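Notes to accompany the following structure.
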Amino acid sequence: MRNKIIYDILPLIEKPSRYLGNEKNSVIKDRKSIRLHIALAFPDLYEIGMSHFGLQILYHILNEQDQVAAERVYAPGSDLAEQMNSAGILLSSLETGTPLSGFDIIGFSLLYEMNYTNVLMMLDLAGIPFYASGRDDSHPVIIAGGPCTVNPEPVADFFDAMVIGDGETVIVEMARTWMAWKDGRDRDKNSLLREWSQIEGVYVPSFFQPLYDGPNFKEVRPKLEGYRRVRRAIVADLDKATFPDAPVVPYGRPVHDRLRLEVARGCTRGCRFCQAGMIYRPVRERSVENLMALTEKSIAATGYDDISLLSLSTGDYGSLSTLMQGLFHCYSSENIALSFPSFRAGTLSPEIMSLVKQIRKTGFTIAPEAGSERLRAVINKNISEQEIFDTVSSAFELGWKLIKFYFMIGLPTETDEDRYAIVDLVKRIRQKLKSEGRRPNINVSIGTFIPKPHVPFQWSPQISMEESKEIIFDLKRQLKMPGVEVKWQKPELSFLEGLWARGDRRLSRLLEIAYRKGCCFDGWSERFDYPLWEAALNEAGIDINYYTTRVRSADEPLPWDHIDTGVSKEFLISEYENALTGTPLPDCRFGECQDCGVCDFDKIMPVYYAPDQTLDNTSAFFSGKGTRHPLPSHEVRFEIFYSKTGAAKFFGHLEMVNIFSRAIRRSGMKIKFTQGFHPKPKMSFHNPLSVGMESEEESFYITLREFADCEETVSSMNIQLPEGLLVTGCLKIPDNRRPKLSETADYRVTVSEEEFENQKITAFHDASEWVVVRTTKKGRKKQIDLKEIVLNLKRLSPVKLKMRLKMVEGMSVRPVDVIQSVFQFSDKTILCAEFIKEKQKETPVC
């Protein structure tokens, strides 16, 4: 653990491993050779941020530069933030524990408008002024990127520069420009910003002045000649773009804990409400060769056992069948699974269906968005009701047990009949499943339509919060039936998201006021506090309806007009008119160019790969990289001994099992798997250790498919394990040997601020019984006599104690329970105490 100050308070907070910063493939560079230090900041919890692959891409690209070091920082949980505030600790990076104020550049990822308050929280914890105008040359340069920057105005006052579009090449150019600026004579920040403004995709807010006409937005006026609009940066060829082949492997349980392969970027389906479908155009696919090469390197570097194929519409990937065949061919023998959450209705060809039968099934998501054919035509969601029914049937036939539907309410031209069509569609699908002898298991998610910038519906009004509530709860009532579960996003949250999506710079003060009042982690329903936001809106004098519920004309100036995503305003207006008449627009992937404006057909154009490749005619890049069938088995069973000390004490048991499992895969050991549809590695751990407990020796059993040398096994595993986990020995054991639990266990306990009093030890030894009450996992109360468990308590010093516990099956007593009961220490003393389980015998070797 590199940040000693944070380390000392980790025992006081939940999920402490999220703050360790020593994950596999994390990068720490020699500071002596580094000229530019960049902190990549994600304004949400570690588990969310580590699931966002865009940050991993930037981390990989920047750390490939010899003189650049990139480190990560995530929004701390509220418990850690409280501890930091009370102790005066500054927010710092994971890798080296460097305070954010010590970096040259801090780059925020803006993926979701309701994370904006977290940006201020992170700056506040770092001791950095919020506003760009309030920061001088002694402060880091604060930049941002991500999809929210296509309307940068609501948060423009907080950033020195913002990246619009694909960041792979832009961030490298910005880094090189910064280093050249640092070497030059003119080293004021304004000169750096002028240089950055010449890079395509870089927006410098201070070079634009927003103007208003009374309460109405008028324009964003440029201050520099030749810098009137900012064009989105586009990576033309994904095969030539850098992509992480050794991504950081997270601790804990991130939202997406698997190897993620971006098979394509962009979508041309043309859904008129979808911002991602507009701002990521054109479609650019990666080749199968490229994806297979990335997979081979990434699996070896991470130890993942699950591969996920990512894009806005994975089912549209041209060579999907070839790619899936190749992945199954190369990795099925190692039980590496392939997964993706959904297919677009109508894209399940018979060939794809036969391959999908082999993947892991969780929930299958279909997003009709609207219940009626009429409204789907309005939004250009060109899927028929028959395609929806056929997709549901196919999904159940292929093994899915749960179907998830996503619908929106408040879409342009929506009527009561359109909303009833949602209920009718779900009822008929449920009835169809029952008629086929299947058990309906349907989740229906309902969200309020939020008009976003740069889409045909950017001029449309958002329905009021009251109307949204009324519609949602009416749908919930009508959908109350067996086998159907309804979920929805809070209308208040959707309403505020709509405010920030189409806001202007007058919202800067609102954000600061809301944060000062306590708004933070607003995207988390349990933390979202709308009354606080109402108070902030009143104090800031913001009329939320001006930004959300009013109708805009097509010629009204918009706060984001100076941001050029490539999609022309004329195209958006034409599509808005087509929506009102229900006129569909074909996908340019399968027909003529629709003149959206993105492609110049010189450097920027769609990149597709032929769907007619087969495994046979692409065997050149599959050969030698896998096999369809397991090799003949020569099983061997080992008992592996290891210690868990230092920072590793913050790993929970399941987390540690995952760490060992992936380390074994990375080491190249051929582990044996259980049988069944979801094979698991044949590993069995003995007594689980709780978070915060250290141990000089533990062990687990593992079965390998082929013989392995004990000494090589120990060394190869240790290379792959994080600090604090150390394999100390290895013993070949008979196949039928069962774990033999020790009859006793010895522990050393060290405390601070309080002492082990001799009279309390004497009182315990003299007592005839010492009953504590524990609550079982099933919630039942259970009395346990500690006199039957605690064989000895011995004070080594005023702050050190040794105790021996009898290991009794069925009696779950932890050392911490004994200390708490006998000595009645404060919660802080207990949490910060050092518990070490002692080694009982010499580690055996083969």
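The values are calculated or read from the model by the stated rules, or taken from the named source; none is laboratory data. Please read these numbers as outputs of a predicted model, since none were measured by experiment. Backbone-built Cβ (ideal geometry, glycine too); neighbour counts: all protein chains shown. The area values use the complete protein model at the heavy-atom level, side chains included, leaving out ligands, DNA and RNA. Shrake-Rupley method; radii C 1.70, N 1.55, O 1.52, S 1.80 Å.
One table, with the values for the structure above:
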{"quantity": "1.4 Å probe accessible area per residue over the chain, in Å²", "calculated": "42 Å²"}
{"quantity": "Rounded Å value of the spacing that divides the Cα centres of region 403-476 and region 77-143", "calculated": "39 Å"}
{"quantity": "HN-Hα J in Hz across region 364-379 - Karplus 6.51, -1.76, 1.60, θ = phi - 60°, x for Gly and Pro", "calculated": "9, 9, 10, 10, x, 6, 10, x, 9, 4, 4, 6, 5, 5, 4, 8"}
{"quantity": "Span from the region 541-567 Cα centroid across to the region 366-390 one, whole angstrom", "calculated": "28 Å"}
{"quantity": "Distance violations [Cα-Cα > 23 Å] among Lys15/Lys837; Lys29/Lys182; Lys682/Lys841; Lys15/Lys644; Lys782/Lys839; Lys782/Lys841", "calculated": "Lys682/Lys841; Lys782/Lys839; Lys782/Lys841"}
{"quantity": "Label-point separation, Thr762 to Ser525 (7 Å along Cα→Cβ), nm", "calculated": "5.8 nm"}
{"quantity": "Acute angle (nearest 10 degrees) that the helix 168-183 long axis makes with the longest principal axis of the chain, alpha-carbon atoms", "calculated": "80 degrees"}
{"quantity": "Protection proxy ranking, peptides 314-322, 214-222, average beta carbon neighbours within 10 Å, highest first", "calculated": "314-322, 214-222"}
{"quantity": "Of all DSSP beta bridges in the chain, antiparallel share, percent nearest 5", "calculated": "50 percent"}
{"quantity": "Gain in span if fully extended, Arg428 to Asp66, counting 0.36 nm per residue against the direct Cα distance", "calculated": "124.3 nm"}
{"quantity": "Extension gain (nm, one decimal) between Tyr131 and Asp602, 0.36 nm per residue minus Cα-Cα", "calculated": "165.5 nm"}
{"quantity": "Amide hydrogen neighbours beyond the local backbone of Ala370, cut-off 5 Å, H modeled", "calculated": "Met408"}
{"quantity": "Potential lengthening between Lys32 and Thr242 on full extension [0.36 nm per residue; Cα-Cα distance subtracted]", "calculated": "73.0 nm"}
{"quantity": "On Cα atoms only, tilt of 653-667 relative to the major axis of the chain in degrees", "calculated": "80 degrees"}
{"quantity": "Relative contact order of the chain, defined on C-alpha pairs under 8 angstrom at six or more residues apart (%)", "calculated": "12 percent"}
{"quantity": "Environment charge at Gln675 (Cβ cut-off 15 Å; Lys +1, Arg +1, Asp -1, Glu -1)", "calculated": "+3"}
{"quantity": "Under-5 Å amide H pairs with Val202, H placed in peptide plane, nonlocal only", "calculated": "Ile164"}
{"quantity": "Angle in degrees between helix 416-435 and the longest Cα principal axis of the chain, rounded to the nearest 10", "calculated": "50 degrees"}
{"quantity": "Förster radius 30 Å - calculated FRET efficiency between Lys189 and Glu219, Cβ distance, rounded to 0.05", "calculated": "0.70"}
{"quantity": "Zero-based 10 Å bins, Cα pair distances in region 20-146, whole percents", "calculated": "12, 47, 35, 5"}
{"quantity": "Amide proton proximity set for Trp488, modelled H, under 5 Å, gap of 5+", "calculated": "Ile446"}
{"quantity": "Rule-of-thumb Rg ratio for the chain [Cα; 2.2 N^0.38 Å; N residues]", "calculated": "1.03"}
{"quantity": "Values of log10 I(q)/I(0), in the order q = 0.19 Å⁻¹, for region 515-606 under a Debye, Cα-only, solvent-free model", "calculated": "-0.98"}
{"quantity": "Förster-model FRET efficiency, 25 Å R0, Tyr420 and Asn545, C-beta, rounded to 0.05", "calculated": "0.35"}
{"quantity": "The chain, accessible surface, carbon-and-sulfur percent (1.4 angstrom probe)", "calculated": "50 percent"}
{"quantity": "J(HN,Hα) series, region 542-558, from Karplus relation 6.51 cos²θ - 1.76 cosθ + 1.60, nearest Hz, glycine and proline x", "calculated": "9, 8, 5, 5, 4, 8, 10, 8, 7, 7, 9, 8, 5, 9, 6, x, 10"}
{"quantity": "Distance-filtered residues of region 560-598 - backbone nitrogen under 20 Å, label point 7 angstrom along Arg229 Cα→Cβ", "calculated": "560-577, 594-598"}
{"quantity": "From phi via Karplus (6.51, -1.76, 1.60), per-residue ³J(HN,Hα) for region 28-41 in Hz, x at Gly/Pro", "calculated": "10, 9, 5, 4, 5, 9, 9, 9, 10, 10, 10, 9, 8, 9"}
{"quantity": "Cβ-Cβ FRET estimate between Asp306 and Lys732, R0 fixed at 25 Å, reported to 0.05", "calculated": "0.25"}
{"quantity": "Tensor-based shape of region 142-205 (alpha-carbon gyration tensor, a/c under 1.5 rounded, otherwise prolate or oblate)", "calculated": "oblate"}
{"quantity": "Separation of alpha-carbon centers, region 211-243 and region 763-796, rounded to whole Å", "calculated": "67 Å"}
